[in-house]
Structures are given as structure tokens and as C-alpha cells.
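The values are calculated or read from the model by the stated rules, or taken from the named source; none is laboratory data. Since the structure is predicted, the reported quantities are computational estimates derived from the model, not experimental observations. Backbone-built Cβ (ideal geometry, glycine too); neighbour counts: all protein chains shown.
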Amino acid sequence: MTAMEQHPETCVESRIAEIFLEFSRRKLLEQYWPRMRSSVESLTDEQVWWRANPASNSVGNLLLHLNGNVRQWLVASFNQLEDMRDRPVEFKERTLIPGGVLLGRLDETLQEAAEVLSRLTQAELMATYKIQGYTVSGLDAVYQVVEHFGMHYGQILYITKMFSGEDLAFYRGLDATGRAS
């Protein structure tokens, strides 16, 4: 009798965990990140730090914030590192840090996150972690990062389109019905 025949639910759950982690990694690193990076690279440093009003965040603040979020929720938590994040500083920063520097920092963090996502186990996804004052499962932590990244990714693309006045053409391969041509 094979392992699948003896414990089919365990094999299915393990496969679901693999699919979830691979989808999360692809979404962050193959969809959101390259598109966001190219959008930010098209901006001047002044545009990276522009804000519509005092209550709004600049692209620069959002990049700092995403870096802090991914590092805290994925890298530090799953690598059992001390959480060194100072979240309020991400939003208070007003120094004109070059966009390329911010992208480089986020790229390093995302590469570390990719390593985490490539090695996580079903047990780690089911385990409990204390992150940012919340008690969450590993599954919650991964989902939070992907969803959170997607939200700010959209804000950054919107600001980029506002400055360029052009479509970013991420879906140029779709026909009028929205299907791949």
C-alpha cells in the first residue's frame, strides 16, 4: 500500500501547501515585483517622493513600508530572527532616498522571502507565530504579505500612470475578451 493510499488526506494537504506557496512566490516575484520595479524605474527621484497631500504616502514611503512588511512577516518570522522593524519610520521618512536604492533594498528582502517560500513546510504553515502583536498561523502570514503587497503595488502603479499619462501595457497580450491571444 502506497503512502497516498494509507494517508490520502496528508498527501493532498501537503500538495495544497506546495501549490499555495508556489502561487504566492510567483505572484510576489514574477508578477508584482517586476511590474512595480519597472514602474518605479520610470519615475524621477522627485516623483518617487511626491505626495498628493500630507495624508498620502509617496512611492518612496510605500517601498520602505513594503520592505519592512515583507521582512517582518516572512523573513524574520520564519527564520526566527529578532524583529527589528520600526513601522512608523517607514511613513515618516522624507529624505530623498534615490528610487534605485529603495528598489535594491526591497529586491534583497524579496530574494530572502523567496528562499523562505521555497522551503516552508505544511507544518510551518500550520504553526502559530507572533507577528506585529498578532497571533497568526504561517498560512495567515504568507497570505497577509501577498495581499498587502498587492494593495500597495496597485497604489504605486496608479501614481506611475498619473505621472506618465500612459497605459503600463501589462496586459497587451490579451484580446478584447480578456483572453490570452
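Of all residues in the stretch 55-66, which are surrounded by fewer than 23 Cβ atoms within 10 Å (Cβ to Cβ) and either outside any helix (DSSP H, G or I) or not aliphatic (A, V, I, L, M) (or both)?
Those that are surrounded by fewer than 23 Cβ atoms within 10 Å (Cβ to Cβ) and either outside any helix (DSSP H, G or I) or not aliphatic (A, V, I, L, M) (or both): Ala55, Ser56, Asn57, Ser58, Asn61, His65.
Just for helices (runs of 4 or more DSSP H) wholly inside the stretch 67-150: which have at least 2 residues that are within 29 Å of Ser39 (Cβ to Cβ) and of a type outside the set (A, V, I, L, M, F, W, C)? So that I can check it myself, show each step before the final result.
Details: elements: 87-92, 99-119, 122-126.
Helices (runs of 4 or more DSSP H) meeting the threshold: 87-92, 99-119.
Only one of Phe163, Phe149 is surrounded by fewer than 17 Cβ atoms within 10 Å (Cβ to Cβ), touching a residue at least 12 places away in the same chain (Cβ under 8 Å) and either closer than 30 Å to Ile19 by Cβ or among the aromatic types (Phe, Trp, Tyr) (or both). Can you tell me which? Give the derivation first.
On the way: Phe149 fails: surrounded by fewer than 17 Cβ atoms within 10 Å (Cβ to Cβ).
Answer to the check: Phe163.
Would you check if Ala52 is outside any helix (DSSP H, G or I) and of a type in the set (Gly, Ala, Ser)?
On the way: outside any helix (DSSP H, G or I): yes; of a type in the set (Gly, Ala, Ser): yes.
It is true that Ala52 is outside any helix (DSSP H, G or I) and of a type in the set (Gly, Ala, Ser).
Only residues that are surrounded by fewer than 11 Cβ atoms within 10 Å (Cβ to Cβ) and at pLDDT 95 or above: list them for the stretch 1-29, please.
Ile19
For the stretch 135-145, give me each residue that is of a type in the set (A, V, I, L, M) and surrounded by fewer than 20 Cβ atoms within 10 Å (Cβ to Cβ). Can you show your working first?
Taking the stretch 135-145 first, the residues of a type in the set (A, V, I, L, M) are 136, 139, 141-142, 145.
Selection gives Val136, Leu139.
How about the stretch 166-181: which of its residues are touching a strand residue (DSSP E or B) at 6+ places or on another chain (Cβ under 9 Å) and either in contact (Cβ under 8 Å) with a residue 24 or more places away in the chain or assigned to a strand (DSSP E or B) (or both)?
Taking the stretch 166-181 first, the residues touching a strand residue (DSSP E or B) at 6+ places or on another chain (Cβ under 9 Å) are 173-174, 180-181.
Within the stretch 166-181, Leu174, Ala180 meet the criteria.
Being touching a helix residue (DSSP H, G or I) at 6+ places or on another chain (Cβ under 7 Å), farther than 21 Å from Leu157 by Cβ, of a type in the set (A, V, I, L, M, F, W, C) and assigned to a helix (DSSP H, G or I), is that true of even one residue in the stretch 9-18?
So in the stretch 9-18, the residues touching a helix residue (DSSP H, G or I) at 6+ places or on another chain (Cβ under 7 Å) come out as 11, 13-14, 17.
Those left that are additionally farther than 21 Å from Leu157 by Cβ: 11, 13-14, 17.
If we keep only those that are of a type in the set (A, V, I, L, M, F, W, C) as well, we get 11, 17.
Still in the running and assigned to a helix (DSSP H, G or I): 11, 17.
Yes: one or more hits.
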